[in-house]
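The values are calculated or read from the model by the stated rules, or taken from the named source; none is laboratory data. It should be emphasised that the depicted structure is a prediction, and the values quoted were computed from it without experimental measurement. Counting neighbours? That spans all protein chains shown, and the Cβs are built from the backbone with ideal geometry, glycine included.
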Amino acid sequence: MNDLTPTREQREAALEGMGCKRKRVEDIRFTQGKGNYVDDIKLPGMLHGDFVRSPHPHARVKKIDDSEALKVPGVLAVITAETLKTVNLAWMPTLAGDVQMVLADGKVLFQNQEVAFVVATDRYAADDGINKVMVEYEPLAPLVDPFKSMDSDAPVLREDLAGKTTGAHGPRKHHNHIFEWSVGDRELTDAAFKKAEVTIKEMISYHRTHPSPLETCQCVCAFDKIKGELTIYGTFQAPHVIRTVVSLIAKLPEQKIHVISPDIGGGFGNKVGAYPGYICAAVASIVTGKPVKWVEDRIENLTATSFARDYHMTTEIAATKDGKVTGLRVHVLADHGAFDACADPSKWPAGFFNIVTGSYDFPTAHLAVDGVYTNKAPGGVAYRCSFRVTEAAYCIERAMDILAQKLNMDPAELRLKNFIKPEQFPYHSALGWEYDSGDYHTAMRKMMETTSYAALRKEQADKRAAFKRGETREIMGLGVSFFTEIVGAGPSKNCDILGIAMFDSCEIRMHPTGAGIARMGTKSQGQGHETTWAQIIATEIGIPADNIMVEEGNTDTAPYGLGTYGSRSTPVAGAAIAMAARKIKAKAQMIAAYKLEVHEDDLEFDIDGFRVKGLPERYMSMKDICWAAYNSVPPGMEPGLEAVSYYDPPNMTYPFGAYLCVMDIDVDTGVYKVRRFYALDDCGTRINPMIIEGQVHGGLTEAFAIAMGQEIRYDETGNVVTGSFMDFFMPTAVETPHWETDFTVTPSPHHPIGAKGVGESPNVGGVPAFSNAVNDAFSFLGSRHIQMPHDFWRNWKAAKELGAVA
Amino acid sequence: MAKTHVTMKVNGAEVEGLVEPRTLLVHFIRENLQLTGTHIGCETTHCGACTVDIDGMSVKSCTMFAVQAQGSDITTVEGMANADGTLSALQEGFRMMHGLQCGFCTPGMIVRAHRLLKENPSPSEQEIRMGISGNICRCTGYQNIVKAIQYASAKINGVEFREAAE
């Protein structure tokens, strides 16, 4: 060795592997406006499609007259349900086992429902055409309140289901009932409540909201009549699933469907499902023989393509008087709107809501969820959340605070007392999950120490006293939240989408010069996969991340994968990457042994190559092994160096975290100020701390929005009153608080690199932290639970109702 | 519909085109000029993804007709890089500080920040937050965007960039 020989640290740093804050490769194009999003795609002869939508939430469609529309210059076709019936596409299956109208078939069931699809030479002409389509409606009584869905005199919404007493998930109790899903031990839980020293009961609502990525849902469909092939460019979080769904419903051979997800401008769950726009654009392309683009506008996005939450959770906890929980009983009324278009794994009508026991050692629990129809947009999707986990976390974290209040205990202390202990992992929850790992006490105590929690409580007590003395009009709340997520869907034993197991995949192909390409079943929408996936490979096989190109989103070249949502990419595809890389490494070891003329067992991997044990100067770099793979492999071995892995995870992963929100509220105006927000996340092994921190910032901002005002609200007649960014709360840089992040590391024991997923944790843990802060602020005035969202007006109203404002 | 002839300067080049009076500037830029870096996020002037610089002002191009831009001097995100093709201080700042994720708001954000730094080369954090409040980002929570602009400000002013302590 001489002075020019790089040190171990230098060799490791050169890889830019796991644990390093590698700058993103995506940013070079995005900062220069050179991304390639769906609306940037312009194909020769491309047409534009746009929807005629219903102004009514519930009405019969008596007549659709397109004669005037077809006279508009540039308008080529108007597609209605009658057109779609000729190709058997007037209805489409949903991921939740329901069916959904693609275009209004006899009736409309929510405001802004798709009624007709106008195809024209450009988007302006399409809009002109829309204005000339005459639709005659006969308005019907709307059903808006989910609590009235199953009244005996409730209007019949879904006439297509008349006489069907069984749905996709079992018996239906009423014409507006979708499913009942029940889990846990009812008798044991009822018994726990009978002998409980203390119980609490509260109806905790998680309002309807919307993921609303900055880029709306859109697609370009191009049908090639000669080849019989359909190419779809779309904002798809799960392109392979879209290909299979299109093949099944359009009866096109799957090899003749090419689905391409280019750059995606945010997803947050909005871009998992299939929407009428995709079907109509595809049919329009088949009918016209030309490419057809469909681009949603923001109002359409907020009011028609999916929503999230709308869970109304009646929650009860049984406990001893010294604060040990003994039972949990939850009933959820789930408002799915007009069609159950919930984007959950097929067997899970309420997603993974049965994570609702949270981070606590409940000896018994029972959960029942009733899904109902209303005259609202269909859904709901998992908005930055692993399938109803955020609802579950909000439910239990609010309920624990309500219990603490009843017991006159500190909420943090109550949590510490009931946490699952480190030695209990793997832990079997009362509602059926096996938590893989966790160290909750350490995370909670770190949060309490870092934030000087005890001092904050003291300050709060002083402020409350001052408020009572009339010296201040400001009240202070501490929002504690400790969440356990369940992500990484999922093991084939319990997770599938339309029968396809929820594995994920990676194919790595190394080139002779020591570079390579990794192709994935996932699809980034901003998570930075092109950067982080290469980091995993860099560490696993010792090739610099800069030499690995990551490609996603082309179903012709990528191995089949289930896509990116539910924080599943790192837990599932991240594992597939490591496993594929290890196959590469195993073959590389054989090649190195042959070239170094030793037995494979005499080699050890050393950062970026293989070294003969005990003879450190005999070394072959991975770069040289790549070259050798193409010219001098051992006799009998096939040349080349590539591998594919389809990873079926043995279990979910269970990220967790401890959050604290410190908030001050002026009772006279309801104006709040988030003084401090601390978020400690444990997502196991950390691949790129910079990206993790960015994900946490973004998730917290969404949680802030949801908890403090972001709502899809309907008036009593079924009109959406939050249909644009004017009314739908989108925090800007001014409202958004400063985020403080921290971490502990408890690796997943079953994941090849110990990673757990993080993108959704801050949304899951953040919402209860904000809501608990507001509720904690008001609690000393006698309130027990104030429903979200906590905007200024509602805060003022709460203060007034509690007598704090004259 | 009768078309109107428009001419303007975009990223230093004289351009022209025939547009309907109702054609939005953003559609002229994206579709006629094929400069697709300028994005459309809301069509109601709230999100700022369509921000371009017109005659020294940040303008949301989804709420302006192409005919209104007759004769103006426009810079889009495609005109933001240094003359030699390297990333500008702002573009570099966004990358170094992880000021973007999905990249959809980024062009508007960079174009807006460009004007902000022209008007105020050393803005405080509050001035930056207020200065970009017409631009919505759904991914980053803004904290790293603020840092990206601070990074660019330091670089432009020739001083060392120091991240504020958490």
| remark: A:PHE51 meets each of (1) buried (at least 21 other Cβ atoms within 10 Å of the Cβ); (2) assigned to a loop (DSSP other than H, G, I, E, B) with one exception, condition (2)
| message | For the condition within 14 Å of chain B (Cβ to nearest Cβ) and either outside any loop (DSSP other than H, G, I, E, B) or small (Gly, Ala, Ser) (or both), what is the one hit in A:SER205, A:SER212? | response | A:SER212
| message | Six or more apart or on different chains, Cβ atoms under 8 Å: show the pairs whose first residue is in the range A:157-180 and among the β-branched types (Val, Ile, Thr) and whose second is surrounded by fewer than 17 Cβ atoms within 10 Å (Cβ to Cβ). | response | A:THR165/A:PRO171
| query | Which pairs have Cβ atoms under 6 Å, sit 6 or more apart or on different chains, and link a residue in the range A:589-609 that is in the same structural domain as A:ILE543 (by TED's automatic domain parsing) to one that is hydroxyl-bearing (Ser, Thr, Tyr) and surrounded by 18 or more Cβ atoms within 10 Å (Cβ to Cβ)? | reply | A:ASP608/A:SER621; A:GLY609/A:SER621
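Looking at the range A:483-494, can you tell me whether even one residue there is over 17 Å from the mean Cα position of the chain (by Cα) and of a type in the set (Val, Ile, Thr)? Working first, answer last.
Here is the first cut: in the range A:483-494, the ones over 17 Å from the mean Cα position of the chain (by Cα) are A:491-494.
Checking which are of a type in the set (Val, Ile, Thr) leaves us with none.
The answer is no, given that none of the residues of the range A:483-494 is over 17 Å from the mean Cα position of the chain (by Cα) and of a type in the set (Val, Ile, Thr).
Does A:LYS62 satisfy being assigned to a strand (DSSP E or B) and either modelled with pLDDT of 95 or more or farther than 30 Å from B:LEU87 by Cα (or both)? Walk me through how you get there before you give the answer.
Values: assigned to a strand (DSSP E or B): yes; either modelled with pLDDT of 95 or more or farther than 30 Å from B:LEU87 by Cα (or both): yes.
In short, yes.
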| said: Quick check on my filter: what residues within the range B:132-159 are within 7 Å of chain A (Cβ to nearest Cβ) and not in a helix (DSSP H, G or I)? | reply: B:ILE132, B:SER133, B:ILE136, B:ARG138, B:CYS139, B:THR140, B:GLY141, B:TYR142
| field | Segments classed as strands (runs of 3 or more DSSP E), wholly inside the range B:1-98, with at least 3 members that are away from chain A (no Cβ under 11 Å) and over 30 Å from A:VAL25 (Cα atoms) | value | B:4-10, B:13-19
| request: Take the range A:196-237 and flag every residue that is of a type outside the set (Ser, Thr, Tyr), surrounded by fewer than 24 Cβ atoms within 10 Å (Cβ to Cβ) and free of Cβ contacts under 8 Å to residues at least 60 places away in the same chain. | output: A:ASP224, A:ILE226, A:LYS227, A:GLY228, A:GLU229, A:LEU230
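When the range A:173-198 is examined, which residues are found to be over 33 Å from the mean Cα position of the chain (by Cα) and not small (Gly, Ala, Ser)? So that I can check it myself, show each step before the final result.
Narrowing the range A:173-198 to residues over 33 Å from the mean Cα position of the chain (by Cα): A:187-188, A:190-198.
Hits for the range A:173-198 are A:GLU187, A:LEU188, A:ASP190, A:PHE193, A:LYS194, A:LYS195, A:GLU197, A:VAL198.
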| remark: Here the qualifying pairs (Cβ atoms under 8 Å; residues six or more apart or on different chains; first in the range A:744-762 and within 26 Å of A:GLY266 (Cα to Cα); second among the acidic types (Asp, Glu) and in a loop (DSSP other than H, G, I, E, B)) come out as A:GLY757/A:GLU485; A:GLU760/A:GLU485; A:SER761/A:GLU485
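Tell me the residue from A:ILE577, A:ILE584, A:ILE543 that is at pLDDT 95 or above, over 23 Å from A:PHE503 (Cβ atoms), in contact with a helix residue (DSSP H, G or I) (Cβ under 7 Å, 6 or more places away or on another chain) and among the β-branched types (Val, Ile, Thr), please.
Values: A:ILE577 fails: over 23 Å from A:PHE503 (Cβ atoms); A:ILE584 fails: over 23 Å from A:PHE503 (Cβ atoms).
Sole residue among the options that is at pLDDT 95 or above, over 23 Å from A:PHE503 (Cβ atoms), in contact with a helix residue (DSSP H, G or I) (Cβ under 7 Å, 6 or more places away or on another chain) and among the β-branched types (Val, Ile, Thr): A:ILE543.
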| said: Taking the condition of being more than 14 Å from the chain's Cα centre (by Cα) and in a helix (DSSP H, G or I), how many residues in the range B:99-131 meet it? | reply: 7
| Quick check: anything in the range A:31-42 outside any helix (DSSP H, G or I), out of contact with any strand residue (DSSP E or B) (no Cβ under 8 Å at 6 or more places or on another chain) and either away from every other protein chain (no Cβ under 14 Å) or under 30 Å from A:GLY106 (Cα atoms) (or both)? | no
| message | Return the residues of the range B:99-127 that are in contact with a Phe, Trp or Tyr (Cβ under 9 Å, 6 or more places away or on another chain), over 22 Å from A:PRO211 (Cα atoms) and more than 7 Å from chain A (Cβ to nearest Cβ); say none if nothing qualifies. | response | B:ALA113
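Scan the range A:184-204 and give yes if some residue there is of a type in the set (A, V, I, L, M), touching a strand residue (DSSP E or B) at 6+ places or on another chain (Cβ under 6 Å) and assigned by TED's automatic domain parsing to the domain that holds A:VAL246, otherwise no.
Kept after step one, since they are of a type in the set (A, V, I, L, M), are these residues of the range A:184-204: A:188, A:191-192, A:196, A:198, A:200, A:203-204.
Checking the rest, the ones that are also touching a strand residue (DSSP E or B) at 6+ places or on another chain (Cβ under 6 Å) come to A:192, A:196, A:198, A:200, A:203-204.
Checking which are assigned by TED's automatic domain parsing to the domain that holds A:VAL246 leaves us with none.
The answer is no, given that none of the residues of the range A:184-204 is of a type in the set (A, V, I, L, M), touching a strand residue (DSSP E or B) at 6+ places or on another chain (Cβ under 6 Å) and assigned by TED's automatic domain parsing to the domain that holds A:VAL246.
Residue-wise test of (1) over 30 Å from A:HIS56 (Cα atoms); (2) touching a Ser or Thr at 6+ places or on another chain (Cβ under 7 Å); (3) more than 9 Å from chain B (Cβ to nearest Cβ); (4) surrounded by 20 or more Cβ atoms within 10 Å (Cβ to Cβ).
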| residue | (1), (2), (3), (4) |
| --- | --- |
| A:ASN688 | yes, yes, yes, yes |
| A:ILE691 | yes, yes, no, yes |
| A:GLY694 | yes, yes, no, yes |
| A:GLN710 | no, yes, yes, yes |
| A:VAL721 | no, no, yes, no |
| A:THR732 | yes, yes, no, no |
| A:HIS750 | yes, no, yes, no |
| A:PHE770 | yes, no, yes, yes |
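Can you list the helices (runs of 4 or more DSSP H) found entirely within the range A:377-473 that contain at least 3 residues being surrounded by fewer than 18 Cβ atoms within 10 Å (Cβ to Cβ) and of a type in the set (S, T, N, Q)?
Working: elements: A:389-407, A:411-418, A:440-450, A:453-468.
Where helices (runs of 4 or more DSSP H) fall fully within the range A:377-473, none carries at least 3 residues being surrounded by fewer than 18 Cβ atoms within 10 Å (Cβ to Cβ) and of a type in the set (S, T, N, Q).
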| note | Apart from one, (1) surrounded by 16 or more Cβ atoms within 10 Å (Cβ to Cβ); (2) assigned to a helix (DSSP H, G or I) all hold for A:ILE28; the odd one out is (1)
| request: Look at the range A:581-609 and say how many of its residues are over 27 Å from A:PRO6 (Cβ atoms) and either part of a loop (DSSP other than H, G, I, E, B) or among the hydrophobic types (A, V, I, L, M, F, W, C) (or both). | output: 1
| field | Filtered residues of the range A:677-686 (kept if surrounded by fewer than 24 Cβ atoms within 10 Å (Cβ to Cβ) and either under 15 Å from A:GLU485 (Cα atoms) or away from chain B (no Cβ under 11 Å) (or both)) | value | A:THR685, A:ARG686
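Among the residues of the range A:65-103 satisfying the criterion of being of a type outside the set (A, V, I, L, M) and part of a strand (DSSP E or B), which is modelled with the lowest pLDDT?
Here is the first cut: in the range A:65-103, the ones of a type outside the set (A, V, I, L, M) are A:65-68, A:71, A:73-74, A:80, A:82-83, A:85-86, A:88, A:91, A:93-94, A:97-98, A:100.
Now drop any that are not part of a strand (DSSP E or B), which leaves A:65, A:91, A:93, A:100.
Numbers: A:ASP65: 98, A:TRP91: 97, A:PRO93: 92, A:GLN100: 97.
Looking at the filtered set, the residue picked out is A:PRO93.
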